[in-house]
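The values are calculated or read from the model by the stated rules, or taken from the named source; none is laboratory data. The structure displayed is predicted, hence computed values, not measured ones. Please note: Cβ atoms are built from the backbone with ideal geometry, for glycine as well, and neighbour counts cover all protein chains shown.
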Amino acid sequence: MVPAQGGRVSPLVKAFVLAHIALIFHWSLPMPSRRIADREIPPTTENVLKYPIEFALYANDYARGASPTGYYLQCTGLWQYWDMFAPNPASLDYWYDARVTYADGSTRVVPYPRMKTMTIPQKFVSERYRKFIERTNSDAVDNWKWPNFAQRMAMLATIDPTNLPTRVELRRHYRQLKGPFDPEPMQYERFTFYVHIVVEVDLRRALGS
Amino acid sequence: MMRWLFGYGSPVTFGVTRALVGFLALVNYLMLSFSFEAWFTESGFYPVRFAERWAGGVPRLNLLAGVTDTPTTMFVFWLGALAAVFVCLGLFSRVSTIALFVLVVTLHHRSPDILHSGDTLLRQLLFFLMIGPSGAAFSLDRWLAVRQGKAPVVPPPVSLWPQRLVQVQVAILYFTTVWHKWGGSYWRDGTATWYVPRLEEFDRFPLPAFVDDLPLVYVSTYATLIVELLLCTAVFVPKLRKWVLLSGLAMHGFIDYHFNIPLFGPLMVSTYVAFYEGDEVAAWWDRLKARWARPRQRVAA
């Protein structure tokens, strides 16, 4: 596999390549386990010797946050983290819809694009909708995105400009998978995770009216 | 190790990688175009202010930073698609790979919440294509240069470190993903692949039910970890390389058939060619041509 003839590569290029490899490796390493990260297991000499890899990951994670080298990857778009279906695949199966109330008091359920109900070609081009709700689903971290989400659902729900949506309830339909040794829940439970009063002026602007 | 990393050789492999990655970038653009309004406009799910918040004060390469005008965003979007066509064909390779890298990163930094690992890999590959001699073979640039007598028929050797970077990147990807997975209890107890087929939003083509049930779930869980581990270790052993890459192909083929994760599998597999030297790829191509030519000669006779 090694080519026969050699050439001269500039020492600067060599330094860049080696530094790049070191940085992407450093950036891609996993976080330490929670008990180490949360200092449930404090970094005493005894513990560091007992869990050397965990504490190495802890140090790496600290360096990732504090080191200016992170800017090289973050600014240029070379940031990376390869945690596909890891550390565990998701066990919560969920999808969204919105219950919309109109000015005349009527209500309608407006679906958010759901992969399960799509044709195969639609699934190919619409997968980003699934990804987006994966990044919008955390009650603690993602709730700042919900007003805009609801406002967008109001726009999609508008049929008659004289009868605009006034209220949007974002609903999560979910089932928790407990594992292969427990019965698989067949029914989805429903939870309204956000209620939004539609901002009419923004809605009219989005509708272009 | 240094000789392997910084040696010289045929640019054919890197040229083929460029064509594959350019094609997949174009497919990605076309797929995204169906939901452009949802992800890249102010009335969509992800207005510009969301990207600013996500950036967290870190300056990001993003030509669309602060741009709320839809026609401008659409122009930048389609400019990227055009650059992908040029990269695929190998036309103005240096300029087009730089343009595609900048435009893809721009798009990713404009709406980061819709990205998956395939997008992350695409950015890395475009970076390597941009800094390496990706147009030196298997490109319209080279075809035109040979035709005009400006380049020799056999492409001269080039420094292989950009191709090596692709290999190292792929190895790091597989190595760290195994490490990530080993931190999870479902991967360790062998039940991880029981969960994913039951997430209905991932459904694509069906398989017989027993494939997604115990005991085959144990087999597919541990097989995934083993194949991924081989793809970052044994793949560098010449005698094992072919079989390891075939097992990777089978793994990604299975995932792509069963689960709706567009483009991740094809992008991963497109990098496998980088594990072959340019001379090997060229020889393989010659053998294929000869095999095609033989039946035609027989028909003609």
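Would you mind stating whether B:Arg123 is without any contact (Cβ under 8 Å) to a residue 60 or more places away in the chain and among the charged types (D, E, K, R)?
Yes: the conditions hold for B:Arg123.
Collect the residues in region B:236-254 that are part of a helix (DSSP H, G or I) and either facing chain A (nearest Cβ under 10 Å) or of a type in the set (Gly, Ala, Ser) (or both), keeping them in residue-number order.
Matches in region B:236-254: B:Phe236, B:Pro238, B:Arg241, B:Ser247, B:Gly248, B:Ala250, B:Gly253.
Table: residues versus (1) in the same structural domain as B:Phe23 (by TED's automatic domain parsing); (2) surrounded by fewer than 17 Cβ atoms within 10 Å (Cβ to Cβ).
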site	(1), (2)
B:Val146	yes, yes
B:Leu173	no, no
B:Thr221	no, no
B:Thr224	no, no
B:Val237	no, yes
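Please work out if A:Arg108 is of a type in the set (D, E, K, R), outside the structural domain of A:Arg175 (by TED's automatic domain parsing) and surrounded by fewer than 18 Cβ atoms within 10 Å (Cβ to Cβ).
When the stated conditions are applied, A:Arg108 does not pass them.
Which of the following residues is closer than 18 Å to B:Gly118 by Cα and among the charged types (D, E, K, R): B:Arg204, B:Arg198, B:Arg188?
Every option except B:Arg204 fails the conditions.
Hey, can you tell me all the residues within region B:154-187 that are among the small types (Gly, Ala, Ser) and more than 9 Å from chain A (Cβ to nearest Cβ)?
B:Ala171
Just one of (1) at the interface with chain B (Cβ under 10 Å from one of its Cβ atoms); (2) modelled with pLDDT under 95; (3) over 29 Å from B:Ala234 (Cα atoms) trips up A:Pro3, so point out which.
If we test A:Pro3 against (1) at the interface with chain B (Cβ under 10 Å from one of its Cβ atoms); (2) modelled with pLDDT under 95; (3) over 29 Å from B:Ala234 (Cα atoms), just (3) comes out false.
Restricting attention to region A:164-209, which residues are within 11 Å of another protein chain (Cβ to nearest Cβ), surrounded by 14 or more Cβ atoms within 10 Å (Cβ to Cβ) and closer than 19 Å to B:Ala38 by Cβ?
A:Asp202, A:Leu203, A:Ala206
Can you tell me how many residues within region B:208-228 are at pLDDT below 90 and under 23 Å from B:Gly248 (Cβ atoms)?
2
Out of all the residues in region B:188-198, which are surrounded by 21 or more Cβ atoms within 10 Å (Cβ to Cβ) and more than 7 Å from every other protein chain (Cβ to nearest Cβ)?
Within region B:188-198, B:Thr193 is the sole residue that qualifies.
Restricted to region B:199-210, and to residues that are in contact (Cβ under 8 Å) with a residue 24 or more places away in the chain and part of a helix (DSSP H, G or I), which residue is farthest from the other protein chains (Cβ to nearest Cβ)?
Here the answer is B:Phe202.
In region B:43-60, how many residues are more than 8 Å from chain A (Cβ to nearest Cβ) and part of a loop (DSSP other than H, G, I, E, B)?
Looking only at that region, the number is 2.
Condition check ((1) surrounded by fewer than 18 Cβ atoms within 10 Å (Cβ to Cβ); (2) under 21 Å from B:Pro197 (Cβ atoms); (3) modelled with pLDDT of 95 or more) across all residues:
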position: B:Leu246; (1), (2), (3): yes, no, yes
position: B:Leu249; (1), (2), (3): yes, yes, yes
position: B:Ile255; (1), (2), (3): no, yes, yes
position: B:Pro262; (1), (2), (3): no, yes, no
position: B:Tyr276; (1), (2), (3): no, no, yes
position: B:Ala282; (1), (2), (3): no, no, no
position: B:Trp285; (1), (2), (3): yes, no, no
position: B:Lys289; (1), (2), (3): yes, no, no
position: B:Ala293; (1), (2), (3): yes, no, no
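Residues of region A:53-83 being farther than 21 Å from B:His109 by Cβ and either facing chain B (nearest Cβ under 7 Å) or of a type in the set (D, E, K, R) (or both), which ones?
A:Glu54, A:Asp61
Inspect region B:25-39 for any residue being more than 13 Å from the chain's Cα centre (by Cα), among the polar types (S, T, N, Q), in a helix (DSSP H, G or I) and within 11 Å of another protein chain (Cβ to nearest Cβ) and give the result as yes or no. Talk me through it step by step, then tell me what you get.
Taking region B:25-39 and keeping what is more than 13 Å from the chain's Cα centre (by Cα), we get B:29-39.
Next, only the ones that are among the polar types (S, T, N, Q) stay: B:33, B:35.
Pick out the ones that are also in a helix (DSSP H, G or I) and you get B:33.
So of that shortlist, the ones also within 11 Å of another protein chain (Cβ to nearest Cβ) come out as B:33.
There is at least one residue in region B:25-39 that is more than 13 Å from the chain's Cα centre (by Cα), among the polar types (S, T, N, Q), in a helix (DSSP H, G or I) and within 11 Å of another protein chain (Cβ to nearest Cβ).
What are the residues in region B:188-198 that are part of a helix (DSSP H, G or I) and under 13 Å from B:Tyr222 (Cβ atoms), if any? Walk me through how you get there before you give the answer.
Residues of region B:188-198 part of a helix (DSSP H, G or I): B:188, B:192-198.
If the condition is that a residue be part of a helix (DSSP H, G or I) and under 13 Å from B:Tyr222 (Cβ atoms), then B:Arg188, B:Ala192, B:Thr193, B:Trp194 are the ones that fit.
Residue-wise test of (1) buried (at least 17 other Cβ atoms within 10 Å of the Cβ); (2) more than 19 Å from B:Trp143 (Cβ to Cβ); (3) over 19 Å from the mean Cα position of the chain (by Cα).
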| site | (1), (2), (3) |
| --- | --- |
| B:Gly57 | no, yes, yes |
| B:Asn62 | yes, yes, yes |
| B:Ala65 | no, yes, yes |
| B:Thr72 | no, yes, yes |
| B:Trp78 | no, yes, yes |
| B:Ala81 | yes, yes, no |
| B:Val87 | yes, no, no |
| B:Phe92 | yes, no, yes |
| B:Ser96 | yes, no, no |
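Somewhere in region A:143-163, is a residue facing chain B (nearest Cβ under 10 Å), small (Gly, Ala, Ser) and either in a helix (DSSP H, G or I) or under 29 Å from B:Tyr257 (Cβ atoms) (or both)?
Within region A:143-163 (the criterion being facing chain B (nearest Cβ under 10 Å), small (Gly, Ala, Ser) and either in a helix (DSSP H, G or I) or under 29 Å from B:Tyr257 (Cβ atoms) (or both)), the answer is no, since none of the residues qualifies.
Does region A:171-209 hold any residues that are in contact with a Ser or Thr (Cβ under 7 Å, 6 or more places away or on another chain) and within 25 Å of A:Leu92 (Cα to Cα), and which are they?
Within region A:171-209, A:Arg171, A:Gln176, A:Leu177, A:Gly179, A:Pro180 qualify.
Could you check region A:110-151 and list, in sequence order, the residues that are touching a residue at least 40 places away in the same chain (Cβ under 8 Å) and more than 17 Å from B:Ala51 (Cα to Cα)?
A:Val110, A:Tyr112, A:Asn137, A:Asp139, A:Ala150, A:Gln151
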